[in-house]
Amino acid sequence: MSVTSAARDQDPPALRVASFNIRNGIAWDGLDSWPLRRPATAATIAGLDADLAGLQEVYGFQQRYLLRRLPGYTATGAGRTDGRRRGERCAVLYRAARLRLDHATTRWFSDTPDVPGSTGWGNRLPRIVTLAHFTDLAGGARFGFADCHLEGWPAAARYRSAGALATWLDPSLPWIVAGDLNAEPRDAAVRTLLEAGLRDVFAPAAGGGRPAPATTVARSRDGSGGRRIDYLLVTAEWDVVAAAVPAAGRHRRRPSDHLPVVATLRLRAGSALPRLGATTTSDPLEEQR
């Protein structure tokens with residue numbers, strides 16, 4: 001699918017993006033275990049109406065179920081255990097009618113980031129980021145999207161991972177970073193990403209200011225005992241039109257132990273228009289994982 005010259009001449013359209021840790025599907029959560037809650041999880045994602053969503057803790061069987069229930073979406077992402085199908089993945093869901101995937105890769109937060117399953121820096125399990133480059137078919141702009149899940153403990157592991165992530169973002173592109181950072185706003189890992197030039201979508205500098213959520217992960221259904229550890233961060237080329245943490249909704253089952261973060265973004269005119277002759281390199285495992 002090509003980008004037309006008419007689309008290039010129009011004002012950049014708004015893009016709706018989300019981050020959502022859907023809770024891994026092998027965990028035993030009683031009546032909220034995956035086989036019972038999966039319709040609620042799919043309904044929650046559908047309700048976000050996102051053009052692009054970064055999901056965390058996704059197993060292949062969860063991704064396949066969601067794609068069956070979410071027409072119009074496709075996905076990319078590799079399992080953290082073997083770089084293919086095994087283990088959790090940071091799955092990037094996107095509307096193929098709106099976005100073209102130009103390139104995608106998975107990196108491991110370790111001294112050998114291209115070695116599947118590798119660990120290091122204090123990470124107790126393989127921790128990964130999915131890095132994707134997209135072309136917006138509605139306006140022609142190119143941008144990057146990173147979907148990550150950082151270590152909960154020790155803090156030094158996620159701090160070093162955040163520093164690595166900042167160096168992996170191609171500076172020639174505008175970027176959106178989605179993820180469960182396992183870090184509250186004052187944590188060194190969050191500060192590292194902000195000091196690298198990213199902005200929290202709830203920050204005043206990102207779009208006029210809006211109340212930041214108190215929590216995105218809760219220990220109970222009523223939202224009590226929670227922390228804010230899930231984020232959408234953007235580079236300076238993006239204007240934030242709106243941002244929110246939607247309530248869980250009235251589902252019989254709890255969709256996840258996290259709440260999604262959603263934002264409406266607008267890329268400033270002239271940012272990252274595609275170069276003439278640019279090629280497309282799709283993820284070879286897309287839709288097969």
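Here, each number is a calculation from the coordinates, and none is a lab measurement. Every value quoted in this text rests on a predicted model; they were computed, and no experiment measured them. Cβ: placed from backbone, ideal geometry, glycine included. Neighbour counts: every protein chain shown.
Calculated FRET efficiency, R186 and V241, Cβ-Cβ r, R0 41 Å, to nearest 0.05?
Working: r = 26 Å, r/R0 = 0.64.
Given R0 = 41 Å and the Cβ-Cβ separation, E is 0.95.
What is the range 13-267 by shape, rounded, prolate or oblate, if you read a ≥ b ≥ c off the alpha carbon gyration tensor as root eigenvalues and call it rounded for a/c under 1.5, prolate for a/b larger than b/c, and oblate otherwise?
Values: a/c = 1.17, a/b = 1.08, b/c = 1.09.
Here the range 13-267 falls in the rounded category.
Please work out the FRET efficiency for the pair S33 and R124, using the Cβ-Cβ distance as r and a Förster radius of 25 Å; give the result to the nearest 0.05.
Values: r = 24 Å, r/R0 = 0.94.
Efficiency for this residue pair is about 0.60.
List the residues whose amide H sits under 5 Å from the amide H of V217, counting only those 5 or more places along or on another chain, with H placed 1.01 Å from N in the peptide plane.
Those lying under 5 Å, H to H, from V217 are R227, I229, L259.
Ordered by packing density, taken as the mean number of other Cβ atoms within 10 Å over each peptide's residues, highest first, how do 111-122, 73-84, 174-185, 41-52 rank?
Going by the mean number of other Cβ atoms within 10 Å, highest first, we get 174-185, 73-84, 41-52, 111-122.
Which ordering of S172, S19, S33 is given by a fewest-first count of other beta-carbon atoms within 10 Å?
Lowest to highest Cβ neighbour count: S172, S33, S19.
What is the Rg over Rh value, at two decimals, for the range 37-188, using alpha-carbon atoms and the Kirkwood definition of Rh?
Taking Rg over the Kirkwood Rh, I get 0.96.
In whole Hz and in residue order, list the ³J(HN,Hα) couplings for the range 90-104 that follow from phi through the Karplus curve 6.51 cos²θ - 1.76 cosθ + 1.60, θ = phi - 60°; x for Gly and Pro.
Each residue of the range 90-104 in turn: 9, 7, 9, 9, 8, 7, 5, 6, 9, 10, 10, 7, 8, 6, 8 Hz.
State the three equivalent ellipsoid semi-axes of the range 65-131, derived from the C-alpha gyration tensor as the square roots of 5 times its eigenvalues, in descending order and whole Å.
Semi-axes (√(5λ), whole Å): 26, 13, 8.
Could you run the Karplus curve 6.51 cos²θ - 1.76 cosθ + 1.60 with θ = phi - 60° over the range 119-131 and give me ³J(HN,Hα) per residue in whole Hz, x for Gly and Pro?
10, x, 6, x, 5, 7, 10, x, 10, 9, 9, 9, 10
Extension gain A214-R250, at 0.36 nm per residue separation less the Cα-Cα distance, in nm?
Extra length from A214 to R250 when fully extended: 10.9 nm.
For every other residue with a beta carbon closer than 14 angstrom to the beta carbon of S110, add +1 if it is Lys or Arg and -1 if Asp or Glu, then tell me the sum. Before the final figure, lay out each step's value.
Values: positive: R80, R107, R124, R127, R158, R160; negative: D111, D114, E151.
After counting each charged neighbour, the total is +3.
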